[in-house]
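Read through the structure below, which is laid out as structure tokens, and then see the notes.
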Amino acid sequence: MTGRDNNLAAGSHASGRQATPQQVVGALFVDLEGIRARYECLRSGCTQRVEGPVHGATDVQAFVASIRTSHRCTGALR
Ligand SMILES: [Zn+2]
């Protein structure tokens, strides 16, 4: 039986190392052709899941620049 050895080898390689530490808590959608943007929060429990959409170059620019800080999230951090 070689199955056990294979499992051990695969496990030691795959675990113990995390790739890129990402803190993704929301998704920002920007449509440069329609010139609009919206933000969808991905935290569970958030009562304001969707911000926007906003339209127009000026509004989109301001929205993109500020939404990650201006979004008042009520969801729980994981
Ligand atoms: Zn939120």
Problem set entry | Residue list for the range 31-44, filter: in a strand (DSSP E or B) and surrounded by 15 or more Cβ atoms within 10 Å (Cβ to Cβ) | Arg36, Ala37, Arg38, Tyr39, Cys41
For this session: Return a yes/no flag: does the range 49-68 have any residue that is within 16 Å of the ligand (Cβ to nearest atom), at pLDDT 60 or above, of a type in the set (A, V, I, L, M, F, W, C) and not in a helix (DSSP H, G or I).
Result: yes
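The values are calculated or read from the model by the stated rules, or taken from the named source; none is laboratory data. Quick caveat, the model's predicted, so the values are computed rather than measured. Please note: Cβ atoms are built from the backbone with ideal geometry, for glycine as well, and neighbour counts cover all protein chains shown.
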